[in-house]
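The values are calculated or read from the model by the stated rules, or taken from the named source; none is laboratory data. Model, not experiment: these values are computed from the prediction. As a convention, Cβ positions derive from the backbone with ideal geometry for all residues, glycine included, and neighbour counts pool all protein chains shown. Just the protein is used for accessible areas: all its heavy atoms, side chains included, with ligands, DNA and RNA removed. Shrake-Rupley method; radii C 1.70, N 1.55, O 1.52, S 1.80 Å.
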Amino acid sequence: AIMPTPAMALSMRAPPLGYCSLTTPNVVGQKNVLPNPYSVAAATSVAATARVLVLGAGGGMELRAMADAQPGWRFVGVDPSGAMLDLARQVMAGQGDRVDWVEGLIDAAPAGPFDAGICLLTLHFLPAPERLATLQALHDRLLPGAPLVIGHHSVAGAAPDRARMLARFGDQGAA
């Protein structure tokens, strides 16, 4: 089983006040990333009635983007933070019945199989040695050949270095 790190434990308890408005200016390329996980998955032959596993679903922004673009998709949204899942439920207002919410880590997710997997801006909460095990557990829940879309965020934590990095890349979408 994967154990929460101190950073994860803090995020599980912290209220998600302003989460959606804070992430966009602080995550390089977010405006280019969020609309695209559904298009990447759809472009790889995911059925119009797909069942998609979303690891790190708290906040709900990627769920909303996919739900708006793919009306036949259903989702299982997994996140260790009940507060973040509450925010995701608000973001998914009117479409929340398409999501089965799971509070916990990947080990708490149903076995699947799923038609696609999405893990955006989540792995940085895990210690490096646990990232591979988490991705393997996510992959194990997918149908053979199913797409797995991963977006990882790694940035300097110190204010001057972080500000310099954000100024350098702006919202251009780093690959």
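At-a-glance table
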item	result
Scan of the range 125-140 for residues that are assigned to a loop (DSSP other than H, G, I, E, B) and touching a helix residue (DSSP H, G or I) at 6+ places or on another chain (Cβ under 8 Å), ordered by number	L126
Verdict on T24 being over 17 Å from the mean Cα position of the chain (by Cα), at pLDDT below 85 and farther than 15 Å from T122 by Cβ	no
Those strands (runs of 3 or more DSSP E) lying entirely in the range 69-124 with at least 1 residues β-branched (V, I, T) and open to solvent by 40 Å² or more (accessible area, probe 1.4 Å)	none
